1. Could you size up the charge dipole of the range 108-226 around its Cα centre, putting +1 on the beta carbon of Lys and Arg and -1 on that of Asp and Glu, and report it in debye to the nearest 20?
2. Between residue 412 and residue 79, what is the label-to-label distance in nm when each label sits 7 Å out along the Cα-to-Cβ direction?
3. Here are some pairs, 291/382; 52/409; 253/327; 327/384; which of them have Cα atoms lying more than 25 Å apart in this structure?
4. Just check the range 251-317 against the gyration tensor rule for me: Cα atoms, a ≥ b ≥ c as the square roots of the eigenvalues, rounded for a/c under 1.5, and otherwise prolate or oblate depending on whether a/b exceeds b/c.
5. Let a ≥ b ≥ c be the square roots of the eigenvalues of the Cα gyration tensor of the range 68-113; is it rounded (a/c under 1.5), or, if not, prolate (a/b larger than b/c) or oblate?
6. Can you tell me the length gained on complete extension of the stretch residue 378 to residue 333, counting 0.36 nm per residue apart and subtracting the Cα distance?
7. On a C-alpha basis, how far is the centre of the range 347-406 from the centre of the range 236-275 in Å? Whole number, if you could?
8. Between 394, 58, 246, whose Cα lies farthest towards the positive end of the dipole of the chain when Lys and Arg beta carbons carry +1 and Asp and Glu beta carbons carry -1, centred on the Cα centre?
Amino acid sequence: MDKKIQQPKFKKYFKVLLVLLTTGIIVTTSFAVTTSNGKSQYVAASTLTSSKVVSGHFEDKLSLRGIITPQTTVYLDAIAGGRVEEKLVEQGEYVEKGQPLLRLSNVSLQLDVMSREAQVTEQLNFLRNTQMTMTTNRLNLRRDLLEIDLKIGHLNRKIKQAKPLVKQGVLAQDKLQSFELDLQYFTQRKALTTQRQQEEDKIRQVQVMQLEESAKMLRENLVFARNNLDNLLVKAPVSGYLSELNVELGESKSRGTRLGQVDIPKRFKLIANLDEYYLNQITIGMPAKIKFNGEEVSLTVAKIDSRVRQSQFRIELRLPNELKNIKPGQSLELDLMLTQGVDNSLLLSRGSFINSTGGNWAFVLNKDNTSAERRLIKLGKKNKNYYQVLDGLQVGESVITSNYSAFDKADNIQITGKKS
């Protein structure tokens with residue numbers, strides 16, 4: 001006869017417990033899925049930040065940080081290169097226009113000046129010798145003309161005396177003809193000498209002009225070379241502060257090298273970099289405001305450098321000359337007014353919720369701040385403190401403005417606990 005085998009009680013209870021545990025896990029998982037993907041989620045109040053919607057004056061402005069720099073800077077470049085022999089001033093000192101700053105030496109330039117001086121001297125000596133030779137030739141021609149005139153005078157006198165004697169038969173006819181032939185010769189010679197004198201005068205004038213032009217050019221070259229030699233003593237081009245002087249004793253500086261700069265005092269500008277997104281919105285004369293020594297100062301955009309570098313461009317704003325205690329390199333906060341302000345605007349404080357919503361929706365708290373629901377909204381422009389609310393919110397409503405990354409899938413949230 002078969003015997004019935006009974007199952008131990010602990011195994012029976014174990015199976016029941018296993019079934020209950022599995023059912024609980026399934027229910028819990030379903031509830032968790034419904035909570036995260038579904039409509040509601042519990043969030044601790046201590047993790048949230050909220051702001052009320054208010055009505056006020058909205059200013060469409062851009063907050064920037066500007067650097068104070070001199071309005072006018074004059075650079076010092078090496079006109080003539082050379083070796084730094086002496087520094088006469090130190091960086092940061094105030095210098096007067098024409099004040100010597102440093103002394104350079106350049107042996108090649110000095111030899112070049114000496115060579116040019118020798119060339120000028122040689123050319124001038126040649127000019128003087130040529131002029132002396134021309135003067136001597138001119139005087140010789142004049143002497144020849146005088147001798148010819150004297151000879152012609154003597155021949156005219158002899159012919160006048162010989163003609164009666166030839167008629168009387170005292171003097172032979174051949175002698176008279178000889179006098180007449182000599183007179184004809186010297187008359188033609190005088191004409192030829194006179195023509196030669198005129199031609200030589202023309203040639204002499206051209207030669208003298210060319211030589212004088214050549215001497216003038218050499219003198220100008222010599223003056224230029226001497227000026228280069230004088231440029232070895234670097235002087236301040238304007239009065240101001242020597243903000244930079246990049247030289248060391250014994251250092252060689254080539255021609256055109258930047259030696260330093262002089263800043264004009266009491267004239268400053270503010271330079272700020274903006275994102276290229278605003279390039280088409282910025283115009284000359286656009287107003288801006290800064291706070292300096294506790295006072296608000298109005299500025300305008302004076303210059304726009306539209307060259308984009310690393311996704312940014314630069315603007316310049318002139319600072320009033322009456323501002324005191326301005327230091328180059330000092331940073332200032334400024335507000336650039338993109339448009340005129342708008343009164344009675346709905347304003348919502350800025351917050352990190354915008355990263356999840358893009359300004360298209362937000363969680364709006366109920367009156368007792370125990371829950372919040374997702375609501376479609378529309379935000380407009382922004383400044384450093386507020387967003388401009390265009391639709392979806394009313395004055396006095398509270399909006400969660402902290403990060404939504406932990407509950408951005410929920411339709412509403414239940415707020416637990418209190419803020420610390």
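Bear in mind these aren't lab numbers, they're just calculated from the coordinates by the rules spelled out. All values reported here derive from a predicted model rather than from experimental measurement. Cβ placement follows ideal geometry from the backbone for every residue including glycine, while neighbour counts extend to all protein chains displayed.
1. Working: 20 positive and 15 negative charges, 161 e Å.
Computed charge dipole of the range 108-226: roughly 780 debye.
2. The two pseudo-label positions are separated by 8.4 nm.
3. Long pairs (Cα-Cα over 25 Å): 253/327; 327/384.
4. Numbers: a/c = 3.01, a/b = 1.45, b/c = 2.07.
Here the range 251-317 falls in the oblate category.
5. Numbers: a/c = 2.93, a/b = 2.08, b/c = 1.41.
Here the range 68-113 falls in the prolate category.
6. Details: separation 45, 0.36 × 45 = 16.20 nm, distance 2.96 nm.
Length difference between fully extended and current span is 13.2 nm.
7. 51 Å
8. Checking the options against the dipole of the chain, the answer is 394.
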